[in-house]
Amino acid sequence: DSGVTQTPKHLITATGQRVTLRCSPRSGDLSVYWYQQSLDQGLQFLIHYYNGEERAKGNILERFSAQQFPDLHSELNLSSLELGDSALYFCASSVHSTGMNTEAFFGQGTRLTVV
Amino acid sequence: AQKITQTQPGMFVQEKEAVTLDCTYDTSDPSYGLFWYKQPSSGEMIFLIYQGSYDQQNATEGRYSLNFQKARKSANLVISASQLGDSAMYFCATGFQKLVFGTGTRLLVSP
């Protein structure tokens, strides 16, 4: 168990809908990272938050947004969903502010299926 | 920018044998880390081992060791005494602010 908790584990929704994925980092970790794993794109970095502030953005679509709350949990919001958004979405956490220096632990992922 | 290349789409190994999974990297960062992750069929990403670019010794974690050759820009994962439970996808990654992953190697361990 990595200590990073993601809910839900599975999500099936229709095109055009909006969903929220939730992540609780390991105790003591202030950084949360979101990644998307799809068959055609592989593992892609989406966004990084540190202690409530956005620190870096990757290949995140405008239809997607994220935030980190004062209790350090993070949510990834996906809206106007398309079939191509079907993927495994991972959250990872780290104690460091500037990057995943020496250790980076991932949650179990949320498998999103858009039908 | 960083790039990870894993040239072995699939590898087969017999139980109890050692196996090496290849990884080459390209980065312009003066200081960087190299990571290996295991992804079983259940989907979770399991952190295996980390190597810092300035670490003098190759990293080891139990049956996993990282064969780090900085001049060749390679960071191969060596799994000793393979077990059936080692069958999974293995990803090499590098990065600092974010991780850049390779395409992975599927390892199949046979009895």
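Quick notes on this structure:
- Selection within segment A:73-89: residues that are over 21 Å from B:VAL100 (Cα atoms) and in contact with a Phe, Trp or Tyr (Cβ under 9 Å, 6 or more places away or on another chain). The member of this set that is farthest from the other protein chains (Cβ to nearest Cβ) is A:SER79.
- Restricted to segment A:25-69, the set of strands (runs of 3 or more DSSP E) holding at least 1 residues that are of a type in the set (A, V, I, L, M, F, W, C) and within 11 Å of another protein chain (Cβ to nearest Cβ) comprises A:31-38, A:42-50, A:53-57.
- The strands (runs of 3 or more DSSP E) falling completely within segment B:25-92 that include 2 or more residues that are within 11 Å of chain A (Cβ to nearest Cβ) map to B:33-39, B:46-52.
- Of all residues making up segment A:1-16, the number that are in a strand (DSSP E or B) and more than 12 Å from the chain's Cα centre (by Cα): 4
- Screening segment A:26-58 for residues that are of a type in the set (Asp, Glu) and out of contact with any Ser or Thr (no Cβ under 7 Å at 6 or more places or on another chain) and picking the one that is farthest from A:LEU83 (Cα to Cα) gives A:GLU53.
- Residues of segment B:1-24 satisfying the condition of being within 13 Å of B:GLY102 (Cα to Cα), among the hydrophobic types (A, V, I, L, M, F, W, C) and assigned to a strand (DSSP E or B): B:ILE4, B:LEU21
- For segment B:59-86, residues that are over 14 Å from B:LEU48 (Cα atoms) and touching a Lys or Arg at 6+ places or on another chain (Cβ under 9 Å) total 3.
- Any hit, segment A:57-64, residues being buried (at least 20 other Cβ atoms within 10 Å of the Cβ) and either modelled with pLDDT under 95 or within 22 Å of B:LEU48 (Cα to Cα) (or both): no
- Across segment B:93-111, the qualifying residues are those that are over 21 Å from A:GLN41 (Cα atoms) and among the hydrophobic types (A, V, I, L, M, F, W, C), and the one among them that is farthest from the other protein chains (Cβ to nearest Cβ) is B:VAL109.
- Residue in segment A:72-83 that is more than 30 Å from B:SER53 (Cβ to Cβ), among the charged types (D, E, K, R) and surrounded by fewer than 23 Cβ atoms within 10 Å (Cβ to Cβ) present: yes
- Flag if A:ALA92 is free of Cβ contacts under 8 Å to residues at least 12 places away in the same chain, surrounded by 14 or more Cβ atoms within 10 Å (Cβ to Cβ) and within 10 Å of chain B (Cβ to nearest Cβ): no
The values are calculated or read from the model by the stated rules, or taken from the named source; none is laboratory data. Owing to the predicted nature of the structure, the values given are computational and were not obtained by experimental measurement. Reconstructed Cβ throughout: ideal geometry from the backbone, glycine too, with neighbour counts over all protein chains shown.
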